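Values quoted throughout were computed directly from the atomic coordinates according to the rules given, and no laboratory measurement underlies them. What you see is a predicted model, and the numbers here were worked out from it, not measured in a lab. Note that each Cβ is placed from the backbone with ideal geometry, even for glycine, and that neighbours are counted across all protein chains shown.
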Amino acid sequence: MLQIDGLRSFSLSGTQLGVVGFPITHSISPIFQNAALRAMESSYPELKGWTYHKIEAPVEQLKAVIELAQKKGFRGLNLTIPHKVEVLQFLDHIDPVAEKMGAVNTLVFGEDGVTGYNSDGYGITMAIQRKLGVEIRDRPIVMIGAGGASRAACVQCLEEGCSELWIGNRSVERLEALLTRLRRFYPDRKVGGFQLGNDSLEINNDSGAILINATSVGLKADDPNPVGLDTLGKVGYVYDMVYGKHTTALVRVASQLGLPVSNGLSMLIYQGERSLQIWTEKPVPVDVMTAAVDAHVASY
């Protein structure tokens, strides 16, 4: 793991990649990204020596880290909490969909400056397709949370043609800000909100709605379920972005109710696939990434 002083003295040859966050110790991105890069070398020798690192930096160091990474031969960076929104002020260009999301998790360094993308949307789409076996298109979506992860997922669901979008959040002020933003970009779509704890969802129980938890509730083993049974009783599928060594309360209760459910490991892998594809402009072996993650999880 690198910190800003280590980045200043960094001298590895070859093309470099990394993920920046605070904290970052828990990140398993280098495990599957480096596994994919080593597998890709046989087909694409130009990728030999590409390496992916963890970089720990608080918000006040983000600008310096981006500038240092450019000087040290990095092709780009991933960004995680708390940098996905803060980084917007340091970009020269931004992908149109990422601009709607108002959050960036992938940087590409080029001759024309720093370009920002968001691969989280692709990640949630592929995870839901592969783990839950359903499409977002034409289904109601119930999104829990109104932070950066929620913004990316909400935009992706609207881009993919969900039939309606309901967002639940504890803070009404933050909820309204997100609703206003989404309605500005998607004025003809059905977008509604509700305050968690007052779960008044106007959807049918048999609609096959997909519930997505985009909050951090569940990271701690003793965290409660972020939604009530009334909400879970109105959905047909559950995707929890949270992942870790323990099973979250949401995954546990959804399983007990017989709902198809998944934790967030698959989203992590697929967003990583998309980021690596952006950097290398090559097909990425998701099976290699998945095997690396499975082996790591089995070692817990």
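Taking only Cα atoms, what is the 0 to 90° angle, nearest 10, from helix 286-298's long axis to the longest principal axis of the chain?
Approximately 80 degrees, to the nearest 10.
Please compare each pair in K245/K282; K54/K282; K190/K282; K71/K245 to a cut-off of 27 Å on the Cα-Cα distance and tell me which ones are over it.
Values: K245/K282 32 Å; K54/K282 22 Å; K190/K282 37 Å; K71/K245 37 Å.
Listed pairs above 27 Å: K245/K282; K190/K282; K71/K245.
Taking the Cα centre as origin and putting +1 on Lys and Arg beta-carbons and -1 on Asp and Glu beta-carbons, what dipole magnitude results for the chain, to the nearest 20 debye? List each step's numbers first, then the result.
Numbers: 28 positive and 32 negative charges, 61 e Å.
Value, rounded to 20: 300 debye.
Write out the trypsin sites (Lys or Arg not before Pro) in the range 222-300 meeting two conditions: DSSP loop, and at most 12 other Cβ atoms within 10 Å of their Cβ.
Working: sites: K234, K245, R252, R274; in loops: K234, K245.
Counting only loop positions with at most 12 other Cβ atoms within 10 Å, the trypsin sites (Lys or Arg not before Pro) in the range 222-300 are K245.
Which angle between 0 and 90 degrees, to the nearest 10, do you get for helix 265-280 versus the longest principal axis of the chain when only C-alpha atoms count?
That works out to roughly 40 degrees.
Which of A221, A146, A98 ends up with the largest GNM mean-square fluctuation for the chain, with Cα atoms connected below 10 Å?
Most flexible of the set in this elastic network: A221.
Over the range 39-136, what is the mean sequence separation of C-alpha contacts under 8 Å (at least six apart), divided by residue count, expressed as relative contact order in percent? Kindly include the intermediate steps, with their values, before the conclusion.
On the way: 98 pairs, mean separation 19.1, N = 98.
Computed value for the range 39-136: 19 percent relative contact order.
Just to confirm the filter: which GluC sites (Glu not before Pro) across the range 160-208 are DSSP coil and have at most 15 other Cβ within 10 angstrom of their Cβ?
Numbers: sites: E160, E164, E173, E176, E202; in loops: E160, E202.
Loop-located and lightly packed - E202.
Provide the packing ranking of 258-266, 137-145, i.e. peptides ordered by the mean count of other C-beta atoms within 10 Å per residue, highest first. Please report the intermediate quantities before stating the final value.
On the way: 258-266: 19.4, 137-145: 21.4.
Packing proxy ranking, top to bottom: 137-145, 258-266.
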